[in-house]
Amino acid sequence: MKVALIPYITAGDPDLPTTAEALKVLDCCGSDIIELGLPYSDPLADGPIIQAAAARSLARETNFDVVISMLREVLPQLSCPVSQFSHYNPILKPGLGKFMSIIKDAEVQVK
């Protein structure tokens with residue numbers, strides 16, 4: 001049986017500079033993939049921990065554009081892939097084609 005270390009963090013919780021540093025630490029600790037949650041205003045299915053993290057992140061005005069900007073700076077420093085964890089509504093806002101183009105340019109995996 002194969003196992004993988006796949007930690008999850010919410011982008012922007014507690015802030016984006018800390019998120020960037022956390023990605024680097026998780027990479028150095030041997031993560032196989034890192035799931036990075038895009039905060040969403042109504043994450044009812046995610047449970048209380050992710051809901052609270054999303055609320056804190058959104059209170060700091062974290063949005064898709066600033067998360068992608070941070071990832072463009074951080075991803076070249078990582079050895080493991082980052083998977084963008086998102087509900088569908090944030091994808092619908094820019095449109096699927098534009099969203100996928102932005103994600104592809106930033107070299108983020110989509111889950």
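Projecting label points 7 angstrom from Cα along Cα→Cβ for Lys24 and Ala52 puts them 2.8 nm apart. Taking GluC sites (Glu not before Pro) across segment 15-111, the ones in a DSSP loop with at most 10 further Cβ atoms lying within 10 angstrom of their Cβ are Glu61. Summarising the label geometry, the points placed 7 Å from Cα in the beta-carbon direction at Asp32 and Arg60 lie 2.9 nm from one another.
Listed options for Cα Rg over 2.2 N^0.38 Å are (i) 1.01; (ii) 0.94; (iii) 1.19. The value calculated from this structure is the one marked (i).
Fully extending the segment from Lys104 to Ser79, taken as 0.36 nm per residue of separation minus the present Cα-Cα distance, adds 7.3 nm. Along segment 6-21 the Karplus relation, 6.51 cos²θ - 1.76 cosθ + 1.60 evaluated at θ = phi - 60°, assigns HN-Hα couplings of 10, x, 10, 9, 9, 4, x, 10, x, 7, 5, x, 5, 4, 4, 5 Hz to successive residues, with x for each Gly and Pro. In percent, rounded to a whole number, the relative contact order of the chain is 30, using alpha-carbon pairs under 8 Å and six or more apart. Per residue, the accessible area of the chain comes to 59 Å², computed with a 1.4 Å probe over protein heavy atoms only. In this Cβ point-charge picture (+1 for Lys and Arg, -1 for Asp and Glu), the chain has a dipole of about 220 debye about its Cα centre.
Taking Ser69, Ser86, Ser79 and ordering them by how much accessible surface each has at a 1.4 Å probe, largest first, produces Ser79, Ser69, Ser86.
Between the residues Ile6, Pro90, Leu26, the greatest Cα displacement towards the positive end of the dipole of the chain, with unit charges on the Cβ of Lys, Arg, Asp and Glu, is found for Pro90.
The values are calculated or read from the model by the stated rules, or taken from the named source; none is laboratory data. These numbers were taken from a predicted model, which means no experiment stands behind them. Positions of Cβ are generated from backbone atoms using ideal geometry, with glycine treated the same way; all protein chains shown enter the neighbour counts. Just so you know, the surface numbers come from the protein's heavy atoms only, side chains and all, with ligands and any DNA or RNA stripped out. Shrake-Rupley method; radii C 1.70, N 1.55, O 1.52, S 1.80 Å.
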